[in-house]
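Here is the structure we will look at, set down as structure tokens.
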Amino acid sequence: MNLAEVFDMERTFELQSFIDATQDVISASGAGEDALALGDRIFHAAENPGDQKDYQEKYLPACANISQALALARAHPGPVTELGEAIKRLASKLRWTRRPNGDNDDPTFKSQHANALVVGPQGLEERSDIQIGITVMAPHAHYPNHHHQPEEIYAVLSPSQWRQNDDPWHSPGIGGVVHNVPNVVHSMRATDTPLLAVWCLSGS
């Protein structure tokens with residue numbers, strides 16, 4: 001049952017279907033107990049909507065990769081298809097930005113990635129207790145090592161590689177999950193095709 005029907009939410013269909021589809025991908029991912037517990041906390045909080053905002057959309061050069069990435073996601077059977085469709089409906093409404101604190105990033109990388117906050121501070125749904133957003137990267141782009149206090153889970157929607165600390169790179173696969181505990185150093189990189197992922201954080 002759609003959460004909007006249960007709680008009489010004011011969310012748009014596009015926003016609610018994106019949240020529902022993200023939850024479905026994480027739930028079906030076969031992720032570990034800790035990752036699924038984080039997902040449960042995030043989507044339990046999401047049952048109560050925040051303030052809906054209407055920001056002017058903003059595209060960046062990396063957004064040119066969205067169509068190819070979505071085609072890969074939407075060709076995958078199961079919940080990933082639904083999430084790909086939900087992102088397609090939302091993509092033109094989002095304010096795409098570059099990574100925070102990335103002023104010194106290589107100019108090439110700046111043109112190769114874009115992030116959009118859907119739920120959270122300055123998102124389509126304004127709130128501070130959770131964040132849900134989207135990242136797209138051009139083929140072969142490498143997101144630099146970074147870390148943050150909020151615990152995080154990614155729903156992976158493309159062929160891509162991921163790493164924590166100095167561990168080996170690994171490929172979660174389309175529909176897989178990456179779980180980052182607080183302050184762990186982590187990174188990701190695209191393969192021959194664009195990287196697309198939805199990330200969810202507890203707290204800001």
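Worth a mention:
- Between helix 13-27 and the chain: long-axis angle, C-alpha atoms, 0 to 90°, nearest 10: 60
- Of Gly123, Gly102, Gly133, the one that fluctuates the most in a GNM where the chain has Cα springs shorter than 10 Å: Gly102
- Electrostatic bookkeeping for Glu126 treats Lys and Arg as +1 and Asp and Glu as -1; over the other residues with beta carbon under 14 Å from its beta carbon, the sum is -1.
- Loop-located chymotrypsin sites (Phe, Trp or Tyr not before Pro) in region 67-155 whose Cβ has at most 12 other Cβ within 10 Å (DSSP): none
- Nearest 10 degrees, 0 to 90: helix 79-91 Cα axis against the chain principal axis: 90
- Relative counts (whole %) of C-alpha pair distances in region 45-204, using bins that are 5 Å wide: 2, 9, 18, 23, 23, 17, 7, 1, 0
- Net charge over other residues, Cβ less than 10 angstrom from the Cβ of Ala62 (K, R count +1; D, E count -1): +2
- For region 29-70, the pair-distance distribution built from all alpha carbon pairs, in bins 5 Å wide starting at 0, is 5, 15, 12, 11, 13, 24, 19, 3 percent.
- Residue-averaged [θ]222 nm for the chain, counting only DSSP H segments that reach four residues, each worth -39500 (n - 2.57): -9000 deg cm²/dmol
- In a simple Cβ point-charge model (Lys, Arg +1; Asp, Glu -1; nothing else charged), region 10-202 has a dipole of about 620 debye relative to its Cα centre.
Any read-out appearing in this document is the output of simple, stated calculations on the displayed coordinates, not a laboratory observation. Since we're looking at a predicted model, the values are computed, not measured. Because the Cβ atoms are built from the backbone with ideal geometry, glycine has one as well, and the counts that use them run over all protein chains shown.
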